[in-house]
1. Can you name every residue in region 74-130 that is among the basic types (Lys, Arg) and surrounded by fewer than 20 Cβ atoms within 10 Å (Cβ to Cβ)?
2. Residues 244, 279: which one is at pLDDT below 85 and crowded, with 16+ Cβ neighbours inside 10 Å?
3. Among the residues of region 239-278, write down those that are in contact (Cβ under 8 Å) with a residue 12 or more places away in the chain, assigned to a helix (DSSP H, G or I), more than 19 Å from residue 51 (Cα to Cα) and among the hydrophobic types (A, V, I, L, M, F, W, C).
4. Which one of the conditions (1) exposed (fewer than 15 other Cβ atoms within 10 Å of the Cβ); (2) within 27 Å of residue 152 (Cα to Cα); (3) under 36 Å from the mean Cα position of the chain (by Cα) does residue 221 fail to meet, given that it meets all the rest?
5. For region 75-99, which positions are touching a helix residue (DSSP H, G or I) at 6+ places or on another chain (Cβ under 8 Å), more than 20 Å from residue 249 (Cβ to Cβ), outside any helix (DSSP H, G or I) and not small (Gly, Ala, Ser)?
6. Would you check which residues across region 335-376 are assigned to a loop (DSSP other than H, G, I, E, B), loosely packed, with under 14 Cβ neighbours inside 10 Å and modelled with pLDDT under 80 and list them?
7. Please specify each residue of region 223-247 satisfying the condition of being of a type in the set (S, T, N, Q) and within 18 Å of residue 262 (Cβ to Cβ).
8. Test each condition in (1) in a strand (DSSP E or B); (2) among the small types (Gly, Ala, Ser); (3) under 20 Å from residue 220 (Cβ atoms); (4) at pLDDT below 90 for residue 107 and report the one that comes out false.
Amino acid sequence: MFSKLERKIAFRYLGAKKRGFGSVISWVSLLGIMLGVATLIVVMSVMGGFHDTLLSRIVGMNGHVVVYHQDGPISDFDFLIDKMKQNKVVEKNAVAIVPIAEGQVMATANGNNTGAMIRGIRMSDLMAKTQAGTRIYGKKLTDIKDGELVAGAALTRALRVSMGDKISLVSANAATPTPFGSMPRIMAYPVMSSFFMGMYEYDSGYVFMPLETAQKYLNIGNAVTHVDVFLENPEDTTAVVESLATLLPDGFVVRDWRDLNRGFVGALQVESNVMFLILLLIVIVAAFNIVSSLVMLVKDKNKDIAVLRTFGVSRKSMMKIFMLSGTSIGIIGAFFGTILGVVVAIYIEPIRQFFQWLTGRDLFPAELYYLSELPSKLVWMDVVGIALIAILLAFLATLYPAWKAANTEPVEVLRNE
């Protein structure tokens, strides 16, 4: 593609200290491309980590498809689950169908109170759906008995309770009628286990209990509030939703995790796209610096270009010489930027902890970002794509200066010397 002469001249111009690689503008261009590529890789990795971690934990706890009745609790849920399991589409895609009894409460203990969500579930189902990396303190989940609770670690800290201490749950939805009006239902249960998922929303706001305990507390008899369907592939929900919508009687509502978290998922995607476009501007600005550097190089080397043209170097070769000079800056910047970005993306959490220790400030508050650790997911196709975009922009930046060099008229230049 490039002859030996073209490569030799291109790299000699690139190494020229006055206008080539040694110039300030060329260094700024290289550093700009390197930092732009590194920043893009780190940000896209963190955004990908956020997306996957949050969705896996939110969706993993709530089910990929949710079935509920528009009029309230589902009483004959065992028959409903058996009917769902007999459906061929559900049988093919579902790995678990879990009945849930859920309600909002106020949890109080030791003079402290906080809002919480109680979720009644069979402990065997809770054990099966517990996310990898979740830490359980106290009794094993399978040993939890009727009348005992499993609370989030952040919630137990907020209420200042230890294993075995009781938490009072106050619910207005399960109110008890009295001659003086409805009274909120207040019941106390011992906390026998706590969990740490690493997602603040769950660690600080969820209380799990055996299904029978939740049914008694919520005063719904032998019923559940909804049924969660867990699929082998969370992305393949359309066929299951359509099949269940046809199968179930009127009054039942079937929704998947996209519908339940539409605003959240959409916000993540929009934020990711906007961050990519904003940070891409760093690389574009660096590419404009390559244009400036090469234009000045062409102007400085006008006489040399004229001499080369009189010796028989074609216009095409002159274009290739300057295109190679400018693109080399992009290739070098993209190479070192990729290395830097990949290293930072891999070690982002230790780096965050170091700067947090250095500044003495919480740089990633769990209350705001819902996660206790900064997630990162490297997608190598994205890494390669970012590097190629940077090289392409550097190449496009060379076209005008290369065309200007190729159109230099040797007679006019040498006449004025």
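The values are calculated or read from the model by the stated rules, or taken from the named source; none is laboratory data. These numbers were taken from a predicted model, which means no experiment stands behind them. Glycine also receives a Cβ, built like all others from the backbone with ideal geometry; neighbour counts cover every protein chain displayed.
1. To start, the set of residues in region 74-130 that are among the basic types (Lys, Arg) comprises 83, 85, 88, 92, 119, 122, 129.
Across region 74-130, the qualifying residues are 83, 85, 88, 92, 122, 129.
2. Values: 244 fails: at pLDDT below 85.
Answer to the selection: 279.
3. Within region 239-278, 239, 240, 241, 244, 247 qualify.
4. Answer for residue 221: the failing condition is (3).
5. Within region 75-99, just 98 meets the criteria.
6. Applying the first criterion (assigned to a loop (DSSP other than H, G, I, E, B)) to region 335-376 yields 347, 360-365, 370, 372-376.
If we keep only those that are loosely packed, with under 14 Cβ neighbours inside 10 Å as well, we get 347, 360-363, 365.
360, 361, 362, 363, 365 - these are the residues of region 335-376 that are assigned to a loop (DSSP other than H, G, I, E, B), loosely packed, with under 14 Cβ neighbours inside 10 Å and modelled with pLDDT under 80.
7. If we filter region 223-247 for residues that are of a type in the set (S, T, N, Q), which is where we start, we get 225, 233, 237-238, 243, 246.
237, 238 - these are the residues of region 223-247 that are of a type in the set (S, T, N, Q) and within 18 Å of residue 262 (Cβ to Cβ).
8. Of (1) in a strand (DSSP E or B); (2) among the small types (Gly, Ala, Ser); (3) under 20 Å from residue 220 (Cβ atoms); (4) at pLDDT below 90, only one is false for residue 107: (4).
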